[in-house]
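J.: Once you've had a glance at the structure underneath, I'll fire off some questions.
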Amino acid sequence: MKIYLISSVVMSVIVGTCVAAEAAGPFYVNGTTGNDANNCTSPVTACETIQAAVSKAASGDTIIVAAGFYPEGAAGPLTINKSLTLLGAEAGVDARNPRGPESVIEDVQGTSISANGVVMDGFTVQGSVFSAFTGFGILMNAGISGTRLVNNIVQNNIVGIGLANLGAQAFISHNLIQNNNQPGPATGTGIYTDQFVGGPTVNNVLITENAFVGHDDAGIDSSNTDFVNGVFNLDIGANSFDSNGRAVVLFNTHRSNFHDNSVTNSTLAGSAAVRIFDNNTQLTIRNNDLNGGVGHAIRLNPLFGQANSGVVINENNIGVIGAASYLLTGLTVEPFSHVGTVNAECNWWGSPTGPLNVPNNPSGGGEEVVGDAVFTPWLLSRAPNGPCLGGVASTPGKVTGGGQIGSDPVFSPLGDLISLPAFVPSLSSPTGTATFGFVATCCAPSGNLEYNDHPSDVRIKAQTVDGLMISSPGMSCPATLGSKHATFTGIASVIRSIGTTTERYTVDVDDCGEPGSADTFGIKTDTYANGPSPLIGGNIQIHR
């Protein structure tokens, strides 16, 4: 956590005084051929500086900035104090991919946004290194709403972006935010907020599909320690974090989500890729790939004695294979860091035997879990297709499916189905069909399965059946008296024309009574998933 102070003198420079518009937009800027004495309403009468175009424009106007360098030498930062759309040379082009010549804003005091609804699209923003001012490449001033930062490269500043928002959603997407490690307060952070930068409350922010690379401290640091207020409705999803000290740091953040992100090579020793400090509530960490670092994957521990509550950690891949992805633990919940037990069910910990946990799973081969967290059941293979059945005892019984009624499917010694199959819709063709037949029994679990989706060029043959769970009622027909649901798992050969892979599979079926037309079948492996869907023909039978 860093406290970032901005003086009242500085704030008066940021906010400034709006100048009456001289003409209707759009306005044009060209650092090579422009002149700030021009009216700036055409490419041939362009301004030289972006600040001059802002001064001439009125709220609602668009400013189009040609490729080139814009040091913006006026006193103070480049100040956007009207609701404007600024389009750089790479507007509309995702900054995470290679692209052409850039409109480069290189103001040593950064860019300050002090109006609602500002759009910055297609720029490179770099070189904000004057620590006596703010040090942010882009500063969203406290109290504003609806900023859109898209398709920008934000690099080589003290801090990349200073975050603030109150009303209409702030949207930060398709940006490359990298190497913001210049000396100064809060250095080493891609996006930063606290009560001094964002104001007492920050609310309604979507940070999605960005790349955060090479920050010494963190990709995103939400360090508001005003526990009467805080950060609310922060959605961080589908971003990549690589070679940052930490991916995300959270203080006092509420009703928020960290989901569908990829985190690799977290570099801050002793810390964690996801670092949860004080007073975070209703925080969901879901569907992330946390793939390695020199500390913990996830760690909860308060600095100010304010416990977290309602933290849920589900459907994440924590580590890759075994327990070596993180130097320390997969999850550590320090004493007094959370009110009640942390829900950490249905995660992949790097092993089908689950996480190492000395009191409850000492033979687990995956990343270690320490502290008050429930981790059973766990995923038997990586999300999203891994079954959440780890640590769950199998159910005695028998499940069969195929074209037969009243007898079991028949398989050859090589595991090929030689009796009549059942039929379900193909994954790839609405008019095509996939066929299957199976037998699964317990206990001990055993059986056979052959599934063939001809239109999709996928054939699945079970090598093992290692788990069978039977429950009532059927998930697709809960109102049907006597209906049942079954899940069975194992290892299979997944055969395609391009080659064969060995993958874990999960089959989910419902027996909704005879004649079987309402029965359902679904199958998923590491690389394929279809259903559950009602049968086109055939029958499922579940016996306990």
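The values are calculated or read from the model by the stated rules, or taken from the named source; none is laboratory data. The shown structure was predicted, so the numbers you read here are calculated from the model rather than taken from an experiment. Positions of Cβ are backbone-derived with ideal geometry, glycine not excepted, and every protein chain shown enters the neighbour counts.
J.: I'd like to verify a number: residues in segment 472-488 that are in contact with a Ser or Thr (Cβ under 9 Å, 6 or more places away or on another chain) and among the aliphatic types (A, V, I, L, M), how many?
T.: So the answer is 2.
J.: Of the residues that sit in segment 251-281 and are of a type in the set (S, T, N, Q) and within 17 Å of the chain's Cα centre (by Cα), which one is farthest from residue 239 (Cα to Cα)?
T.: 253
J.: Let me ask something additional. Take the residues in segment 65-94 that are touching a helix residue (DSSP H, G or I) at 6+ places or on another chain (Cβ under 8 Å) and of a type in the set (D, E, K, R), then tell me which one is nearest to residue 29 (Cα to Cα).
T.: 72
J.: Here is a check on your reading of the model: is residue 320 closer than 22 Å to residue 239 by Cα and not in a loop (DSSP other than H, G, I, E, B)?
T.: So residue 320 fails the test.
J.: Considering each of 117, 76, 92, 31 in turn, give the residue that is free of Cβ contacts under 8 Å to residues at least 40 places away in the same chain and part of a loop (DSSP other than H, G, I, E, B).
T.: The match here is 31.
J.: For residues that are closer than 23 Å to residue 305 by Cβ, touching a strand residue (DSSP E or B) at 6+ places or on another chain (Cβ under 9 Å) and part of a loop (DSSP other than H, G, I, E, B), tally how many sit in segment 228-244.
T.: 1
J.: If a residue must be touching an Asp or Glu at 6+ places or on another chain (Cβ under 9 Å) and surrounded by fewer than 24 Cβ atoms within 10 Å (Cβ to Cβ), how many such residues does segment 131-150 contain?
T.: The total comes to 2.
J.: So, one more: So, in segment 282-299, of the ones that are within 18 Å of residue 366 (Cα to Cα) and outside any loop (DSSP other than H, G, I, E, B), which residue ends up nearest to the chain's Cα centre (by Cα)?
T.: 289
J.: If you take the residues of segment 220-235 that are surrounded by fewer than 24 Cβ atoms within 10 Å (Cβ to Cβ) and within 18 Å of the chain's Cα centre (by Cα), which of them is farthest from residue 195 (Cα to Cα)?
T.: So, considering only residues that are surrounded by fewer than 24 Cβ atoms within 10 Å (Cβ to Cβ) and within 18 Å of the chain's Cα centre (by Cα), the one farthest from residue 195 (Cα to Cα) is 235.
J.: Please go through segment 342-381 and pick out each residue that is among the β-branched types (Val, Ile, Thr) and either within 15 Å of residue 276 (Cβ to Cβ) or part of a strand (DSSP E or B) (or both).
T.: Within segment 342-381, 342, 369, 370, 374 qualify.
J.: Which members of segment 245-276 meet the condition of being of a type outside the set (Val, Ile, Thr), assigned to a strand (DSSP E or B) and farther than 20 Å from residue 194 by Cβ?
T.: 257, 259, 262, 266, 273
J.: Being buried (at least 17 other Cβ atoms within 10 Å of the Cβ) and at pLDDT below 90 is the filter here; which residues of segment 397-416 pass it?
T.: 403, 404, 408
J.: Assuming residue 124 fulfils every condition listed in (1) part of a loop (DSSP other than H, G, I, E, B); (2) of a type in the set (S, T, N, Q); (3) within 22 Å of residue 241 (Cβ to Cβ) apart from one, which condition is it?
T.: Among (1) part of a loop (DSSP other than H, G, I, E, B); (2) of a type in the set (S, T, N, Q); (3) within 22 Å of residue 241 (Cβ to Cβ), the lone unmet condition for residue 124 is (1).
J.: Let me ask something additional. Determine whether residue 195 is within 24 Å of residue 287 (Cβ to Cβ) and modelled with pLDDT of 95 or more.
T.: Judged against the criteria, residue 195 is not a match.
J.: Moving to a separate point now. Got a sec? Which of 158, 113, 153 is within 18 Å of residue 64 (Cα to Cα) and more than 21 Å from the chain's Cα centre (by Cα)?
T.: Answer to the check: 113.
J.: While we're here: Name the residues in segment 151-178 that are among the aliphatic types (A, V, I, L, M) and either assigned to a strand (DSSP E or B) or surrounded by 20 or more Cβ atoms within 10 Å (Cβ to Cβ) (or both), would you?
T.: Of everything in segment 151-178, those that are among the aliphatic types (A, V, I, L, M) and either assigned to a strand (DSSP E or B) or surrounded by 20 or more Cβ atoms within 10 Å (Cβ to Cβ) (or both) turn out to be 153, 154, 158, 159, 161, 163, 164, 170, 172, 176, 177.
J.: Could you tell me how many of the residues in segment 41-51 are surrounded by fewer than 23 Cβ atoms within 10 Å (Cβ to Cβ) and hydrophobic (A, V, I, L, M, F, W, C)?
T.: Counting residues in segment 41-51 that are surrounded by fewer than 23 Cβ atoms within 10 Å (Cβ to Cβ) and hydrophobic (A, V, I, L, M, F, W, C) gives 1.
For (1) buried (at least 22 other Cβ atoms within 10 Å of the Cβ); (2) out of contact with any Gly (no Cβ under 9 Å at 6 or more places or on another chain); (3) of a type in the set (A, V, I, L, M, F, W, C); (4) closer than 21 Å to residue 423 by Cβ, each residue gets a yes or a no:
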{"site": "448", "(1), (2), (3), (4)": "yes, no, no, yes"}
{"site": "459", "(1), (2), (3), (4)": "no, yes, no, yes"}
{"site": "497", "(1), (2), (3), (4)": "no, yes, no, no"}
{"site": "501", "(1), (2), (3), (4)": "no, yes, no, no"}
{"site": "508", "(1), (2), (3), (4)": "no, no, no, yes"}
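J.: Under the condition of being aliphatic (A, V, I, L, M) and over 21 Å from residue 271 (Cα atoms), which residue from segment 179-210 is surrounded by the fewest Cβ atoms within 10 Å (Cβ to Cβ)?
T.: 206
J.: Next question. Return the only residue of 394, 483 being in contact (Cβ under 8 Å) with a residue 40 or more places away in the chain and either surrounded by 17 or more Cβ atoms within 10 Å (Cβ to Cβ) or of a type in the set (Phe, Trp, Tyr) (or both).
T.: The match here is 394.
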